[in-house]
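One structure below.
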Amino acid sequence: MALYRTGCSDKAIQQFKKAKEINPELWLCYTNLAEIYRQKKEFKKALVEIKEVLEKSPEEAEERGYAWNLWGNVLSDQGEYKKALEMYERSLEILPGYGSAYLNWA
């Protein structure tokens with residue numbers, strides 16, 4: 001995320017994609033990519049990454065909670081607040097102590 005935080009989002013995307021190639025089960029790469037795409041308002045690309053985590057990661061993976069929260073953020077960014085609430089609830093089912101999901105839900 002250092003590249004992203006220095007304003008080099010395209011380079012960060014390349015590095016996350018490379019990390020995914022090396023280790024396709026590094027679910028945090030998917031959620032980080034989704035967040036970068038969300039920040040760039042590339043919502044379709046963000047959802048591809050989010051859905052991949054939810055479809056492929058193990059049920060017990062905490063990144064699933066992050067993915068539901070991100071999906072809520074994508075919906076919220078598009079003004080779909082009622083649908084976003086459902087996603088935040090799903091996030092908290094997996095990560096009941098996840099403060100960001102409570103913040104976003106509120």
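The values are calculated or read from the model by the stated rules, or taken from the named source; none is laboratory data. All values derive from a computational prediction rather than experimental measurement. Counting neighbours? That spans all protein chains shown, and the Cβs are built from the backbone with ideal geometry, glycine included. To get the accessible areas, we keep the full protein, side chains included, count just its heavy atoms, and leave off ligands, DNA and RNA. Shrake-Rupley method; radii C 1.70, N 1.55, O 1.52, S 1.80 Å.
A few points about this structure:
- Across segment 47-76, the qualifying residues are those that are assigned to a helix (DSSP H, G or I) and open to solvent by 70 Å² or more (accessible area, probe 1.4 Å), and the one among them that is nearest to GLU25 (Cα to Cα) is LYS56.
- LEU28 meets the conditions (1) over 27 Å from PRO96 (Cα atoms); (2) at pLDDT below 95; (3) surrounded by 14 or more Cβ atoms within 10 Å (Cβ to Cβ) in every case but one. The failed one is (1).
- Annotation: of all residues in segment 31-46 being assigned to a helix (DSSP H, G or I) and of a type in the set (D, E, K, R), the one that is most open to solvent (accessible area, probe 1.4 Å) is LYS44.
- When segment 90-106 is filtered for residues that are hydroxyl-bearing (Ser, Thr, Tyr) and open to solvent by less than 90 Å² (accessible area, probe 1.4 Å), the ones remaining, listed by number, are SER91, TYR98, SER100.
- Restricting attention to segment 20-30, the residues that are polar (S, T, N, Q) and part of a helix (DSSP H, G or I) total 0.
- In segment 77-89, the qualifying residues are those that are under 25 Å from LYS17 (Cβ atoms) and in a helix (DSSP H, G or I), and the one that is least open to solvent (accessible area, probe 1.4 Å) is MET87.
- Filtered residues of segment 1-25 (kept if at pLDDT 90 or above, surrounded by fewer than 16 Cβ atoms within 10 Å (Cβ to Cβ) and not aliphatic (A, V, I, L, M)): GLN14, LYS17, LYS18, GLU21, ASN23, PRO24, GLU25
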